[in-house]
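Scroll down for the structure; my scribbles are underneath it.
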């Protein structure tokens, strides 16, 4: 089991550019979560999917953020246009059946917008 | 809405001493509670979880936590700290699973430092 795989591990981009973060959940997991971690706000849930369908996107900060899950093995989080305040570590996590089992987190993508 | 409060953003203990990390929760429904650990430059790893079975829960690396409903607490303990325990620890509470709310709400984290 390769775990949850995120790419890239680090991303540095200029303000105004489009950024795409990628996630491959564990095979067989039917829930996928995107979290953002900053010093000021801690871990914030952005959006989560069940069976590729977005269930709760109330944490998405604004229209500049969008997330998709075209199939069970891939998800993207896109920021367009990016701003310096988007700098954070973005985590993807997946779980099987219910969150009660606990999530498995990826190693995260550290995004820096300059 | 569910929430957790972690008391103490930084905790330092000597190697071999007791580790106690505090977490209090607020929930309108019987909660499921979790502790996760995050090592530098890594994702979060599940340490243990309470899912309404035994109130004393044992996890990995010698950690355990006790669910106390009367105190709305779920504190994490380890009898003897090891240098490898240095990390950040997060308490989390589930949403209302009866309504299909599968999201976890995390606390602000406690950074544990071990003094040699």
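Every number in this text was worked out from the coordinates using simple rules, so none of it is lab data. Remember, it's a predicted structure, so these values are computed and weren't measured experimentally. Neighbour counts run over all protein chains shown; Cβ positions are idealised from the backbone, glycine included.
The table for this structure:
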item	result
Candidates A:103, A:48 - the one that is crowded, with 20+ Cβ neighbours inside 10 Å, under 11 Å from the mean Cα position of the chain (by Cα) and within 21 Å of residue B:92 (Cβ to Cβ)	A:48
Some residue of the stretch B:59-81 being out of contact with any strand residue (DSSP E or B) (no Cβ under 9 Å at 6 or more places or on another chain) and either within 30 Å of residue A:58 (Cα to Cα) or within 14 Å of chain A (Cβ to nearest Cβ) (or both)	yes
Top-ranked residue in the stretch A:55-81 [being in a strand (DSSP E or B) and facing chain B (nearest Cβ under 9 Å); ranked as surrounded by the most Cβ atoms within 10 Å (Cβ to Cβ)]	A:56
Qualifying residues in the stretch A:82-97 (those that are within 14 Å of residue A:26 (Cα to Cα) and assigned to a loop (DSSP other than H, G, I, E, B)) - the one nearest to the other protein chains (Cβ to nearest Cβ)	A:97
From B:4, B:13, B:37, residue being more than 10 Å from chain A (Cβ to nearest Cβ) and over 30 Å from residue A:4 (Cα atoms)	B:13
Filter result for residue B:81 (in contact (Cβ under 8 Å) with a residue 40 or more places away in the chain, crowded, with 16+ Cβ neighbours inside 10 Å and part of a loop (DSSP other than H, G, I, E, B))	yes
Selected residue (criterion: nearest to residue B:67 (Cα to Cα)) from residues of the stretch B:16-34 that are within 14 Å of another protein chain (Cβ to nearest Cβ) and in a strand (DSSP E or B)	B:33
Complete set of residues in the stretch B:26-49 that are crowded, with 17+ Cβ neighbours inside 10 Å, over 24 Å from residue B:82 (Cα atoms) and out of contact with any helix residue (DSSP H, G or I) (no Cβ under 9 Å at 6 or more places or on another chain)	B:27, B:31, B:33
Some residue of the stretch A:102-109 being assigned to a strand (DSSP E or B) and farther than 14 Å from residue A:24 by Cβ	no
